[in-house]
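The values are calculated or read from the model by the stated rules, or taken from the named source; none is laboratory data. If you're wondering where the values come from, they're calculated on a predicted model, not measured in any experiment. Note that we place each Cβ from the backbone using ideal geometry, even for glycine, and neighbour counts take in every protein chain shown.
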Amino acid sequence: MGRRVILAVTGSIAAYKAVEILREFQKKNWEVQVVMTGAATRFVSPLTFQTLSGRKVIADQFRDVESLEHIELCREAEALLVAPATADFIAKMAVGLADDFPSSLYLACRKPVFVAPAMNQGMLLHPATQKNLTVLRERGVHIVEPEKGYLACEDEGLGRLAEPARVVFQVISSLGKELKGKRILVTAGPTREFIDEVRFISNPSTGKQGVAIAHQAALMGAEVHLLLSSASPLNPMVPAENFTTAQELREKLLDRDFDLLFMAAAVGDFRPVRFQAGKIRREGKLHLELEATPDILAEVCRKKRPGQFVVAFAAETEDFLERAREKMRRKGADAVFVNPVGREMGFASDQNQGWLIFSDGTSHEIPPAPKEEVARRIIEIILKKEEI
């Protein structure tokens with residue numbers, strides 16, 4: 001049996017997005033028990049949720065409920081998620097009304113509760129709704145903040161249900177157990193060293209593997225800080241701080257506290273000695289004088305305190321294990337993940353593979369898989385081997 005969540009669907013036009021929320025949970029191997037208000041069944045049929053979840057949907061507390069089912073469901077589940085949550089249902093939660101199965105379930109639930117509001121901007125910003133949300137927050141209810149966007153009333157504004165992936169991410173990350181209380185620092189993406197104001201030296205890294213590690217660490221309950229190259233697309237799930245050059249990364253990274261550092265950024269080895277303002281014109285030959293960039297990984301490893309763990313990354317085209325071990329020894333890292341580039345793997349690909357090697361000489365091969373899966377496997381191997 002996988003982990004289980006109760007999804008309470010209320011009578012909003014956004015109820016159709018609850019189907020996507022169910023699917024997002026299932027992608028992460030969570031079981032979903034759906035309960036619905038009577039109004040919600042006017043927007044989406046209970047049969048839709050029952051077919052997709054493989055579980056009986058409770059929509060009528062007199063017809064669908066056996067004995068103390070609202071108590072039993074809460075015992076079996078890890079959390080209750082109300083999505084979408086209407087202004088009416090939020091008001092019921094705030095004052096303790098229990099006139100249908102989902103509201104009775106909320107009062108009986110002693111597990112973490114999440115609420116994802118969806119309504120017209122005027123209803124959301126009304127003092128009554130804001131007061132009710134404040135009451136829920138004070139009681140420890142997690143609010144998945146609504147987004148700005150196009151609303152059913154043909155207005156644009158605040159009140160749109162958060163994207164299903166974000167809703168699920170917030171629930172799972174808040175319930176994460178494996179890395180609860182741990183500070184995880186991740187660097188990702190390429191550096192850019194500018195020659196003039198329009199040209200630079202860089203590499204093909206996209207930052208996908210580092211972002212996947214940050215995402216998975218957050219899902220496992222960690223406090224994650226991501227340093228992401230300005231050349232890489234943002235992942236809306238994990239807040240990031242941008243860098244461009246190796247020196248900028250160094251300044252943002254050094255002296256930052258962490259329990260576990262994944263140094264996945266592809267830091268260029270060289271940079272131009274001189275930067276030329278403006279644009280260099282195409283006139284004859286261009287001679288570039290290069291100098292080494294700061295060896296950030298080695299510097300971090302020299303300064304790390306007892307209890308801190310540093311994972312280096314190496315992209316290689318041959319002699320993978322030998323070169324990775326040599327890099328780990330030279331830099332002073334605790335482990336290194338080495339992956340082959342080319343062969344439709346590595347840079348820019350959504351797939352990856354490689355070997356995770358530890359300073360004691362042990363290694364673990366990670367077969368080809370999507371980068372999110374590779375990321376989780378890396379973290380799981382480290383947690384089994386080390387007391388992070």
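Tabulated values for the structure
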| item | result |
| --- | --- |
| Enumerated helices (runs of 4 or more DSSP H) restricted to the stretch 197-311, each holding at least 2 residues that are free of Cβ contacts under 8 Å to residues at least 40 places away in the same chain and more than 23 Å from LEU356 (Cα to Cα) | 246-253 |
| Selection count where residues are without any contact (Cβ under 8 Å) to a residue 24 or more places away in the chain and not in a strand (DSSP E or B), scope the stretch 362-379 | 3 |
| Odd one out for LEU105 among (1) touching a residue at least 40 places away in the same chain (Cβ under 8 Å); (2) under 17 Å from ILE143 (Cα atoms) | (2) |
| Unique residue being over 30 Å from the mean Cα position of the chain (by Cα) and either acidic (Asp, Glu) or outside the structural domain of ALA214 (by TED's automatic domain parsing) (or both) when the list is GLU316, GLU289 | GLU289 |
| Residues within the stretch 147-174 that are acidic (Asp, Glu) and closer than 16 Å to LEU22 by Cα, tallied | 1 |
| Meets criteria (under 14 Å from THR86 (Cα atoms), β-branched (Val, Ile, Thr) and not assigned by TED's automatic domain parsing to the domain that holds GLN216) for VAL9 | yes |
| Matching helices (runs of 4 or more DSSP H) fully within the stretch 32-148 where at least 1 residues are surrounded by fewer than 19 Cβ atoms within 10 Å (Cβ to Cβ), in contact with a His (Cβ under 6 Å, 6 or more places away or on another chain) and at pLDDT below 95 | 101-108 |
| Residues being out of contact with any strand residue (DSSP E or B) (no Cβ under 7 Å at 6 or more places or on another chain) and either farther than 22 Å from GLU251 by Cα or surrounded by fewer than 18 Cβ atoms within 10 Å (Cβ to Cβ) (or both) - total across the stretch 290-317 | 9 |
